[in-house]
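These notes are about the structure you will find just below.
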Amino acid sequence: MGTSSAAPHRLDPSGGCPHADNARLLTRSAIAPVLLPGEVEGMAVLGHRALREFLAHPDVAKDARHFTALREGRIAEGWPLMPFVAVQGMTTADGDDHRRLRSLVSRAFTARRVAELRPRVEESTESLLDELERTAACGGGVADLRRRL
C-alpha cells in the first residue's frame with residue numbers, strides 16, 4: 001500500500017487548512033500515518049486511487065468494533081471524532097453489510113436520477129451562498145462558512 005514510515009503528522013484539530021495538510025502528507029505518500037485529536041493514531045488516505053486500494057486491503061476494517069484503541073478504552077469520553085467512528089452506516093460497514101447498503105444507494109443515485117436532482121441541488125447551493133453573502137454583509141464582511149453551511 002505504500003505507507004510512509006515517518007513519524008505521524010499531527011492534524012490540526014480546528015480544521016485549519018486541509019489543503020496544506022494534504023500537500024505536506026502527499027510529499028510522504030498517498031497513505032500517511034496521522035495523529036488525530038487526543039493523540040489517537042490514524043491514517044490519512046489521499047486520492048481516489050489510493051483510497052480504493054486502501055479500502056480493498058484485507059487488513060482494513062471500517063466498523064468501530066475493529067478500532068483497537070476504542071475497544072481497549074484508550075479513547076476519551078467526548079472524543080470529538082466519535083460521531084464519525086460510531087455511526088452505523090455504509091461508510092462504517094464492512095463486507096456483506098457494506099455491499100448491501102451500497103447497492104441500495106447505487107439504485108437510488110443512478111446517473112439519470114442525479115441529473116434530475118441537479119436543478120434542486122443548484123437552487124439549494126445558490127440559496128445557501130446568498131445567505132452566506134447576507135451574513136457577511138451584516139458581519140463586517142465576515143461569515144463563518146462552517147457555521148452557515
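Observations on the model:
- Considering the conditions (1) on the phi < 0 side of the Ramachandran plot; (2) at pLDDT below 90; (3) surrounded by fewer than 14 Cβ atoms within 10 Å (Cβ to Cβ), V85 is excluded by exactly one of them, (3).
- Pairs with Cβ under 6 Å, 6+ apart, first in region 107-126 and loosely packed, with under 10 Cβ neighbours inside 10 Å, second aliphatic (A, V, I, L, M): none
- The set of residues from region 28-73 being farther than 22 Å from G89 by Cβ and either of a type in the set (A, V, I, L, M, F, W, C) or not assigned by TED's automatic domain parsing to the domain that holds V85 (or both) comprises A30, I31, A32, V34, L35, L46, A50.
- In the set E53, E72, only one residue is in contact (Cβ under 8 Å) with a residue 40 or more places away in the chain and of a type in the set (D, E); that residue is E53.
- For region 54-67, the criterion of being within 30 Å of A108 (Cβ to Cβ), among the small types (G, A, S) and in contact with a helix residue (DSSP H, G or I) (Cβ under 8 Å, 6 or more places away or on another chain) is satisfied by at least one residue.
The values are calculated or read from the model by the stated rules, or taken from the named source; none is laboratory data. Bear in mind that the values here come from a model prediction, so they are computed numbers and not experimental data. Here the Cβ is made from the backbone with ideal geometry for all residues, glycine too, and neighbour counts use every protein chain on show.
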